[in-house]
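K.L.:
The structure under discussion is supplied below as structure tokens; questions concerning it will follow.
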Amino acid sequence: MSATARANSCPVRPKRPCVRPIPGQAEAPLRQTYPGYVQFDINGGLSFGKWNANAFVQNLTDKRGLIGGGYYNQTNFNRYWFNLIAPRTVGLSLDYSF
């Protein structure tokens, strides 16, 4: 039997997106500032001969980091629309080698 465990953190600093003015769009030159956040992920696994079991948790703290939207986004100019990082995700896999 063998075991593995890993943890990862991904800090993202506050940022301001690049803005390209669009004729006729009064709000296009405005810039939205996105706050920084840290996303923590963990994973681990066990091996029993030909069997492997792996588990993971992404976004362990269920942080709601902003990655886009506001005054400047790619799909529309709705200043109240934002993109967030994925919520906490949990997964498990079981493998058999033959």
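K.L.:
Got a sec to turn the phi values of segment 56-69 into Karplus ³J(HN,Hα) couplings, 6.51 cos²θ - 1.76 cosθ + 1.60 with θ = phi - 60°, whole Hz, x for Gly and Pro?
P.N.:
Couplings: 8, 9, 9, 6, 3, 8, 6, 5, 9, x, 7, 10, x, x Hz.
K.L.:
May I ask you to order 55-68, 85-98 by the average number of other C-beta atoms within 10 Å around their residues, highest value first?
P.N.:
On the way: 55-68: 15.4, 85-98: 9.9.
Averaged packing, sorted descending, gives the order 55-68, 85-98.
K.L.:
Let me ask something else about it. Hey, what do the phi angles of segment 82-97 turn into as Karplus ³J(HN,Hα) couplings, whole Hz, using 6.51/-1.76/1.60 and θ = phi - 60°, x for Gly and Pro?
P.N.:
Rounded to whole hertz, the list is 10, 9, 10, 5, 4, x, 3, 10, 10, x, 9, 10, 10, 10, 10, 9.
A short reminder: the numbers here are calculations on the coordinates, not readings from a lab. Please read all numbers here as calculations on a predicted model, not as lab measurements. Neighbour counts are summed over all protein chains in view; Cβ atoms, including those assigned to glycine, are modelled from backbone coordinates with ideal geometry.
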